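The values are calculated or read from the model by the stated rules, or taken from the named source; none is laboratory data. Remember, it's a predicted structure, so these values are computed and weren't measured experimentally. Here Cβ is always computed from backbone atoms with ideal geometry, including for glycine, and neighbour counts include all displayed protein chains. Each accessible area value is taken on the protein alone, full model and side chains, heavy atoms only, with ligands, DNA and RNA left out. Shrake-Rupley method; radii C 1.70, N 1.55, O 1.52, S 1.80 Å.
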Amino acid sequence: MNTFFDAISWVNFKYLLEGMGVTLEVSIISIAISFVLGTFLGIIRYVNIKGLSPIVGFIIDIIRNLPLMLILFFSYFGLPEVGVRLNVVTATVIALSVFEAAMIAEIVRSGISAVAKGQMEAARSNGMTYAQAMYHIILPQALRKMIPPLVSQFISLIKDTSLATIILLPELTYHAQIIYGQNVNYMIPMYVMLALLYFVVNYALSVASRVIAKKLAI
Amino acid sequence: MQKRILKFLLPVVFLLTAVLAGCGKSVASQDILTNASQTNTIIWGVKADTNLFGLMNVKKNKIEGFDVDVAKALTKQILGPSGKAKFVQVTSDTRMPLLKAGNIDAIIATMTITPERKKQVDFSDIYFKAGGSLLVKKGSKIKSVKDLKKGTKVIVVQGSTYGDNIKKAAPDTQVLQLADYAQAFTALKSGQADALSTDNGILYGMSIQDKDYVVVGGTYTNEPYGIAINKGQKPFLHTVNSALAKIKENGTYDKIAQKWFGDVPGFDVKEVK
Amino acid sequence: MFDILTNNWGLLSTGWGYTIMCSVLALIGSCVLGTLFALMEISPYKWVATIGRVYVEVVRNIPLLVITMVFYLVIPKYVVAINGFTAGTIGLTIYTSAFIAETVRAGIEAIAKGQMEGARSVGLTYSQAMTQIVFPQAIKIIIPPLGNQFINLVKNSSVLAFTSGFDLMYQGKIIASTTLDTFSSYLAVGLLYLVLTLPLSYLMRYLEKRWQTA
């Protein structure tokens, strides 16, 4: 038990929290970008614009079917090779945003098509334009349906930030590795802390989503 | 349908390639020396998980070690006392792509000069003479590379020279490659392999951290460390070399070497220069 | 790019083999484990349901990497020796099982509401009703999301790169650091992943569509 408290000394705990800060920062920025980008791409996929939608669909399919780790490598090592120099935070944000946007696009597309079937015609026959119907009628309803899958996607994103240890993003998991790398007896306490910290954030998020979904359902 | 997708896809791919190729050369080909004196900063790629050379000090959230101190001394020598050294964390695996991409100006991260690597990057003069060795648990049956027979497992780090070194010295042993030294050492302690092989300096750093692990068998390869710099950066390379010669001459180098390796048992500071 | 594929085909195909092997093993393992925990979650015994619930919630909210590293580093040090491939596969199995449990539970619950009582009132036991009435119908609801879990599983098997599990990503990293042609190396690796995941993903979409209209 003593080792446990040594391991989670104030110095180490502070270091873990700093990592946690980076994890949250990267997650929040990526969630914001991927949500906007994903919704946009999902609508393009749904609306089926000639020429554009099939291409977007194809690119989304490619990205969805690659391991995130590979996209991280591309973003950190590949993009610089073609002239875009990124620091490790930006590279992670780009990789996460692109990957999760492709996932979210699918959620948005299926969310819209679940709602749109009858509603769109009704709205159009009432004199709304396509864009108006989409914005005022379809999207708000679809969004309600999409909240649970969206939130679990966001939780995935937060968990996935840990993969960026491989490009040395100074986030939570990497900081824990640095600590137990210097004293192997701290390994178990560090993994307990990791599990705890990730669980608290993600579980809180999933509880919040259930509450919101319930409120909106009425 | 398929054809239609292709018809639209091809121009997009061409366009992307053209755009990317167009801006492709700008980053890594800038003159680093000019850039460094303008910004008064040199960006060094250093290890953060390697005791004695470059290790994260959790308390200060700063990387400390021999490589870091040499980099600082070189920066002062090149840019003057107000010059700033910026440090980016690298591993053996990530350092080359990062240098070639221009994310860092130079690598000073326990990097051995090899003919293979010389094709890709330029190296400074030798700044540290290391040699390949083995780290094992105290009391292990493995006493040297000769004991690495079939059925034994050796951990090396991805991107280091030891994937090849072990293959040559002990072809029958199984090689496990891990991402960085922190992971590699932890995996050894977890019993994932019988030995860990890399440069003796790094191994001594590990055995200081955990006395249950010892360096055995002397050295079986020579690993002279150099500072890696992108090709086409001759002015910067020459500046680094003359700065290196200066700090070796004026005693700064000896002070740094003494600071980090003076107390390391089994290690002779005079041999590394 | 093609040089990379042909020159390193030995490593790449080995890695591919390990990726497929890990995915198949983890799929079987996580389906069994996932179904087990789903059944626990809907169990009429409260304490059994609670255990199931806690397992699923805890595992789902922790990164795969953290779970895997526990099996690669912690368990071998304190309990029993596990090599990198096995540790990665076990980690992946446990992680995926929580998601499969959720899928299976949702599928069963969608069917079970009315059907279970009906079946019980005809005189079937709980387990008979489950295996003969509820399960066969639930399968149809479960298969499409299960397919998506499998695709995720194939992609997630890249976590073996962290545990030197010889998979495709591990070999790709080695090729990238020996050839120093990072871009082409990872492009080749990406291509090999797509050969596995894209057809699966289109198959799932096809099944989903067919069963929706049926």
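Observations
- Residues in region B:214-223 carry Karplus couplings, in order, of 10, 8, 10, x, x, 9, 10, 9, 9, 10 Hz; the curve used is 6.51 cos²θ - 1.76 cosθ + 1.60 with θ = phi - 60°, and Gly or Pro positions show x.
- Accessible-area composition of region A:2-217, carbon plus sulfur, in percent [1.4 Å probe]: 68
- Across all directions, the average projected area of the convex hull around the alpha carbons of chain A is 14.9 nm².
- The label point for C:GLN137 and the one for C:TRP9, both projected 7 Å from the Cα toward the Cβ, are 5.3 nm apart.
- Model label sites at B:ASP125 and A:ASN126, defined 7 Å from Cα along the beta-carbon direction, differ in position by 8.3 nm.
- Per-residue Karplus couplings for region C:185-198, computed as 6.51 cos²θ - 1.76 cosθ + 1.60 with θ equal to phi - 60°, are listed in order as 4, 6, 4, 4, 4, x, 4, 5, 5, 4, 4, 7, 8, 4 Hz, Gly and Pro entered as x.
- What the Cα convex hull of region B:29-102 gives, in volume per residue, is 88 Å³.
- Solvent-accessible area buried by A and B, counting both chains, probe 1.4 angstrom, square angstrom: 2800
- When the listed pairs B:LYS76/B:LYS259; B:LYS72/B:LYS189; C:LYS155/C:LYS209; B:LYS118/B:LYS259 are checked against a 26 Å cut-off, the alpha-carbon distance exceeds it for B:LYS72/B:LYS189; B:LYS118/B:LYS259.
- Given a 1.4 Å probe and the protein chains as shown, B:HIS238 ends up with an accessible area of around 110 Å².
- P(r) tail, chain B: Cα-Cα pairs separated by more than 29 Å, 38% of all pairs.
- Solvent-accessible surface (1.4 Å probe) assigned to B:VAL269 amounts to roughly 30 Å².
- Ligands, DNA and RNA left out, the 1.4 Å accessible surface of chain C is 68% carbon and sulfur atoms.
- For the set A:SER152, B:SER207, C:SER185, the ranking by accessible area, highest first and with no ligand, DNA or RNA atoms included, is A:SER152, B:SER207, C:SER185 under a 1.4 Å probe.
- Residue-level accessible surface for B:ASP254, protein heavy atoms, 1.4 Å, Å²: 70
- Cα centroid of region B:222-264 to Cα centroid of region A:144-193, whole Å: 37
- Long hydrophobic helices in chain A: the complete DSSP H runs spanning 27 Å or more by Cα along their own axis with mean Kyte-Doolittle hydropathy of at least -1.0 are A:10-47, A:88-125, A:139-160, A:187-217.
- Compared with its chain on its own, region A:74-103 contains the following residues whose accessible area drops by 40 Å² or more in the full protein assembly (probe 1.4 Å; ligands, DNA and RNA excluded): A:PHE74, A:TYR76, A:PHE77, A:PRO80, A:GLU81, A:VAL82, A:GLY83, A:ARG85.
- Other-chain or far-sequence residues with amide H under 5 Å of B:LEU134's (modelled H): B:VAL216
- Measuring nothing but alpha carbons in the protein assembly as shown and taking Rh as the Kirkwood radius, the Rg to Rh ratio lands at 1.00.
- More than 18 Å apart - percent of Cα-Cα pairs taken over region B:130-223: 33
- Database remark: amide H of B:GLY45 closer than 5 angstrom to the amide H of B:VAL88, B:ASP105, B:ALA106, B:ILE107, B:ILE108 (H placed geometrically; neighbours at sequence offset of 5 or more, or on other chains; Pro and chain starts carry no H).
- Euclidean distance of C-alpha centroids, region A:61-92 and region B:104-163, integer Å: 28
- On a per residue basis, the convex hull of the C-alpha atoms belonging to region C:2-213 measures out at 135 Å³.
- Using the 1.4 Å probe convention, the accessible area of the protein assembly as shown works out to 43 Å² per residue with neighbouring protein chains retained.
- Take the Cβ atoms of B:SER82 and B:ASP263, set R0 to 22 Å, and the FRET efficiency comes out at 0.10.
- Cα convex hull, region A:10-104: 102 Å³ per residue, rounded to a whole number.
- Within the accessible surface of region B:130-273, defined with a 1.4 Å probe on protein heavy atoms only, the carbon and sulfur portion equals 51 percent.
- Each of B:PHE267, C:PHE135 has its accessible area taken with a 1.4 Å probe; listed largest first, they run C:PHE135, B:PHE267.
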